[in-house]
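Reviewing the structure listed below.
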Amino acid sequence: MSAVTRFACTSVLLLGAGMSSLALPAGSGDEVSWITDSKGCKVANPFPRPGETITWSGKCKDGFADGDGVLQWFLDAKQDDRFEGHLAMGWAEGRGSLAKIEGGTYVGEWKHSMQEGMGRYDAPDGSSYQGEWKNGMPNGQGEYRRADGKVFSGEWVDGVFQSGSPDDQDQDEAPDPNKT
């Protein structure tokens, strides 16, 4: 399960570069870092890292990435993570997919650049989680399949398996998915 939790916590989309911290679009009151592409189109940047740049293939509205497109991250001029989907005022909103440079992929729903709603994450080790997400982590009903094929279905809270049962095995023999 640790691969899913690591992904959820560190890939909340838009892992981008450190532009200055600006106020959110009208009405928010929170602060966030923004990254700007070469055309001056801004994208929310929850986790800035030195050496990051972006390209955005979609439209720009009032200076913010807005609409469907491809957001490609670069780290020290080398391709990094890639988001394909919908951005609204610089935030990932609605359906989209994030392909991590390390090999993990999330396909599903986004809200304010966090996984939120139904989605699936496939880890590079062959494990996966499919189900409900909230605040970038598995939350609600979902199914986690370990790389060895063991399946855990049930309730998840903040990325941690709470209750349910492993498929095709006695509960006494089932290792805890939170300790893999």
message: With the requirement that a residue be farther than 18 Å from Glu116 by Cβ and surrounded by 19 or more Cβ atoms within 10 Å (Cβ to Cβ), what does region 146-164 give you?
response: Arg146, Phe152, Phe161
Conditions (1) touching an Asp or Glu at 6+ places or on another chain (Cβ under 9 Å); (2) open to solvent by less than 30 Å² (accessible area, probe 1.4 Å); number of the one not met by Trp34: (1)
Selection count, region 132-162, where residues are in a strand (DSSP E or B) and of a type outside the set (Ser, Thr, Tyr): 20
Members of region 37-53 found to be crowded, with 20+ Cβ neighbours inside 10 Å and touching a Ser or Thr at 6+ places or on another chain (Cβ under 8 Å), listed by number: Lys42, Val43, Ala44, Asn45
task: Please find, among Asp176, Asp168, Asp76, Asp172, the residue that is out of contact with any Leu (no Cβ under 8 Å at 6 or more places or on another chain), at positive phi and modelled with pLDDT under 95.
output: Asp168
task: Among the residues of region 90-109, write down those that are open to solvent by 60 Å² or more (accessible area, probe 1.4 Å) and outside any strand (DSSP E or B).
output: Ile101, Glu102
message: Here is a list: Gly126, Gly94, Gly117, Gly85. Which entry is of a type outside the set (S, T, N, Q), within 30 Å of Val157 (Cβ to Cβ), over 17 Å from the mean Cα position of the chain (by Cα) and at pLDDT 95 or above?
response: Gly126
- prompt: When you go through (1) touching a residue at least 60 places away in the same chain (Cβ under 8 Å); (2) within 26 Å of Thr36 (Cβ to Cβ) one by one for Ser97, which number turns out not to apply?
  reply: (1)
task: Return yes when Ala17 is at pLDDT 95 or above and open to solvent by less than 70 Å² (accessible area, probe 1.4 Å) and no when it is not.
output: no
message: Kindly evaluate Gly69 against the criterion of being open to solvent by 20 Å² or more (accessible area, probe 1.4 Å), modelled with pLDDT of 95 or more and not in a loop (DSSP other than H, G, I, E, B).
response: no
query: If you go through region 110-131, how many residues are open to solvent by 70 Å² or more (accessible area, probe 1.4 Å) and part of a strand (DSSP E or B)?
result: 4
query: Given the conditions (1) closer than 30 Å to Trp34 by Cβ; (2) touching a strand residue (DSSP E or B) at 6+ places or on another chain (Cβ under 8 Å); (3) at pLDDT 95 or above, and given that Asn135 satisfies all but one, which numbered condition is not satisfied?
result: (3)
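The values are calculated or read from the model by the stated rules, or taken from the named source; none is laboratory data. Treat the numbers as computed from the prediction; the structure is a model and nothing was measured. With ideal geometry, Cβ positions are generated from the backbone for all residues, glycine too; neighbour counts draw on all protein chains shown. Just so you know, the surface numbers come from the protein's heavy atoms only, side chains and all, with ligands and any DNA or RNA stripped out. Shrake-Rupley method; radii C 1.70, N 1.55, O 1.52, S 1.80 Å.
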